[in-house]
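What follows is calculated from the coordinates using simple rules that are stated; it is not laboratory data. All figures in this text were calculated on a predicted structure; none of them were measured in a lab. Cβ: placed from backbone, ideal geometry, glycine included. Neighbour counts: every protein chain shown.
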Amino acid sequence: MRPHANPIPYGCQNNFLDDTPYIVSRLCYTYYILGLIMILIITGNGKGKTTSAIGTAIRGLGWGKKVSIVFFDKGGSHYGEQAIFDLLKTPISVHRFGQQRFDEKKQTFRFKNEPGDFEEGKKAMTKAHDLLFENHDLIICDEIINCMNSGLVKENEVRRLVDSCPKETHLLLTGRNAPPWLIEKADLVSEIQEVKHYYKKVKKAIKGIDY
């Protein structure tokens, strides 16, 4: 965990009063000293990585945090969560990159990478690096690990992103098959495992559940 250079965090100011329970005061003091600014990884072959990341974004927003999401390789307008992002009074900064892969009418998905996919990957990585200098509390790079594993973005660029993350910013990365070096650098790694999935029977993505 990296040192924290900011003032006493929001929500902890009142916990330094004399009548505050000791354990609460000590927890906030630990936050103040250590910062608890972390690299977070959500990986695994199960469904729910993006869903978990979006939930984290909403939670942060609820506490007045500055939050941004970069969606890697998720082009198109068929994502239900986007409608909620657009309605938020205090917006989450959303940056979506990628060519469309999913055909909602035909229920087909394009797996093969095309030249435009690589170009979109570069744009997404550039945006993620740029956000590091905009004083965010939380930056989410959704599916960046998948893009790294498939070659849409370069591993050295992901390494540089992680190493360059300011001590004032939480960085959350999602995607299957997080490599050992990334797991080693992270402060938290959650692995979502598939135990059972309806798609193996119905072969259909469900609106409102899958997208």
**Straight-distance crosslink candidates among aspartates and glutamates, where the alpha carbon sits under 15 Å from K127 and sequence neighbours closer than 8 are dropped** = D73, E119, D142, E143, E157
**Request:** Would you please state which residues of the range 159-176 a label at N135 would reach in this model, taking the label point 7 Å out along Cα→Cβ and a backbone N cut-off of under 16 Å?
**Result:** 166-170
**Those lysines that a straight Cα-Cα span of less than 29 Å connects to K196, excepting residues fewer than 8 apart in one chain** = K47, K49, K74, K105, K106, K112, K204, K207
**Request:** Output ³J(HN,Hα) for the range 144-150: one whole-Hz value per residue in order, computed from phi by the Karplus curve 6.51 cos²θ - 1.76 cosθ + 1.60 with θ = phi - 60°, and x for Gly and Pro.
**Result:** 5, 5, 4, 5, 5, 5, 8
**Request:** On each of the three principal axes of the Cα atoms of the range 38-131, give max minus min coordinate, whole Å, ordered largest first.
**Result:** 40, 29, 28
**Prompt:** Can you give the translational diffusion coefficient of the range 37-193 in µm²/s, computed by Stokes-Einstein from the Kirkwood radius over Cα pairs at 20 °C and 1.002 mPa s?
**Reply:** 136
**Request:** Amide H neighbours of F102 under 5 Å, at least 5 residues apart or on other chains, H built in the peptide plane: list them.
**Result:** R110
**Complete:** Assertion target for L138, L61, L88, ordered by fewest C-beta neighbours within 10 angstrom first, is L88, L61, L138
